[in-house]
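Chemist: Below is one structure. I have some questions about it.
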Amino acid sequence: MRAHQQAEATGVRLVVGCRLDLRDGTALLVYPTDRAAYAQLCRLLTLGKGRAGKGKCDLGWQDVVSNGQGLLAILVPDAADAGLAASLHRLRQDFGNRAYLALTRRRRRCEAARVPTVATGDVLCHLPQRRILQDVVTCIREGVTIDDAGFRRERFADRHLKPPEEMARLFARHPEAVARSLEIVERCRFSQSELRYQYPDEVDEPGQSPQQKLEQLLRDSAPSRYPDGVPDSVDRQLRHELSLIAELDYAPYFLTVHTIVAFARSKDILCQGRGSAANSAVCYVLGITSIDPVRSGLLFERFVSAARKEPPDIDVDFEHERREEVIQWVYQHYGRERAALCATVNRYRCARSAR
């Protein structure tokens, strides 16, 4: 995302992609050409990481082919041997005009390739000075110290970004391979600015939209909060919030949080919504929070605003002794392939903040 932000600021178009090291030893660079191909790549990475566990990825060639629609594939070979010829045949057969062969100073062209070559720097860092940091990353991966890394360290010191004129000099015998990088850039038209908030529907009743389901839940829940009837001020606030929720298509998210909270309460697991969600009358009526925002004069737009253009964030605390019950229920209810734990990483950019 930081690269996307810099691309937006500088006007330099960002080409998104990744390297795939397959279980048979094949190495590929893959680049999505459009939004649909980016979705395929995300699905492919989810598949591989789901199989392998934390920090690893387990993918085979057929996985890439099955999820490779719209992806450009660049084969990164180890040597120009019989294995390369077989890999090139497979690549050409399954990817057609979306197949390329990486050409580097250490990986020369296979004359029988019949696959377009593209010059690459086999880059691991952006500046030569970052070589030592690359060695540190290698030691972390291998679980050794710098002194004991030996040949596990990168053998070549030139795996950094080079200016165009330097690439042209290095590959003077293959100018078409240098020019082909621009061809790939032109074919890859996907931009992260195309991504939009998409939340899965959570409606059990066929033919009922998430917004209709949310409004029904509010009607059913209102008497528990207002036994003598919903005050006019609360009714106006609910209508205002529902209008904005409908405009931004956030109803499915509210339904998910309500479902999880309802499960916890059904098992007498203490839970409480907090933070800016307390500004929402919808959250209060649904039982997610316990403060009436209308009576307290709280501003809903501090929680959800069309101007901010970002989805809401409903924080819910669960009693720590039984939090695991809720987590396991979420996995069971939504499926382990559709639910995940997320972690946040705090970075301190100056010494003063780190104290």
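Chemist: Determine which member of the set G275, G287 is in the same structural domain as L242 (by TED's automatic domain parsing) and touching a His at 6+ places or on another chain (Cβ under 9 Å).
Modeler: Selected residue: G287, the only one of G275, G287 that is in the same structural domain as L242 (by TED's automatic domain parsing) and touching a His at 6+ places or on another chain (Cβ under 9 Å).
Chemist: A follow-up question, please. In the stretch 183-225, which residue that is basic (K, R) and in a loop (DSSP other than H, G, I, E, B) is surrounded by the most Cβ atoms within 10 Å (Cβ to Cβ)?
Modeler: Residue satisfying both the conditions and the ranking: R189.
Chemist: Of everything in the stretch 1-37, what is touching a Gly at 6+ places or on another chain (Cβ under 7 Å) and within 21 Å of Q69 (Cβ to Cβ)? Give them in sequence order.
Modeler: Hits for the stretch 1-37 are L22, L29, V30, Y31, P32, T33, D34, A36, A37.
Chemist: Looking only at the stretch 305-316, decide whether some residue is of a type in the set (G, A, S), modelled with pLDDT under 90 and exposed (fewer than 13 other Cβ atoms within 10 Å of the Cβ).
Modeler: The answer is yes; a qualifying residue exists.
Chemist: Another question, then. Condition test on L195, is it within 27 Å of Q6 (Cα to Cα), within 30 Å of the chain's Cα centre (by Cα) and not assigned by TED's automatic domain parsing to the domain that holds E8?
Modeler: yes
Chemist: For the condition assigned to a helix (DSSP H, G or I), modelled with pLDDT of 90 or more, of a type in the set (G, A, S) and in the same structural domain as A9 (by TED's automatic domain parsing), what is the one hit in A172, A179, A149?
Modeler: Exactly one of A172, A179, A149 is assigned to a helix (DSSP H, G or I), modelled with pLDDT of 90 or more, of a type in the set (G, A, S) and in the same structural domain as A9 (by TED's automatic domain parsing), namely A179.
Chemist: Name the one entry in T26, T46 that is within 19 Å of the chain's Cα centre (by Cα) and among the polar types (S, T, N, Q).
Modeler: So the residue among T26, T46 that is within 19 Å of the chain's Cα centre (by Cα) and among the polar types (S, T, N, Q) is T46.
Chemist: Name every residue in the stretch 256-301 that is in contact (Cβ under 8 Å) with a residue 40 or more places away in the chain, assigned to a helix (DSSP H, G or I) and more than 17 Å from S221 (Cβ to Cβ), in order of residue number.
Modeler: Once the filter is applied, which keeps residues that are in contact (Cβ under 8 Å) with a residue 40 or more places away in the chain, assigned to a helix (DSSP H, G or I) and more than 17 Å from S221 (Cβ to Cβ), the stretch 256-301 yields G275, F300.
Chemist: Given the criterion assigned to a helix (DSSP H, G or I) and outside the structural domain of V282 (by TED's automatic domain parsing), identify the matching residue among R323, R352.
Modeler: The match here is R352.
Chemist: Give me the pairs, please: first residue somewhere in the stretch 34-46 and modelled with pLDDT of 95 or more, second residue anywhere and in a helix (DSSP H, G or I), beta-carbon distance under 6 Å, and either six or more positions apart or on two chains.
Modeler: R35/E194
The values are calculated or read from the model by the stated rules, or taken from the named source; none is laboratory data. Note that this is a predicted model, so its numbers are computed, not measured. Methodologically, a virtual Cβ is constructed for each residue, glycine included, from the backbone with ideal geometry; neighbour enumeration extends over all protein chains shown.
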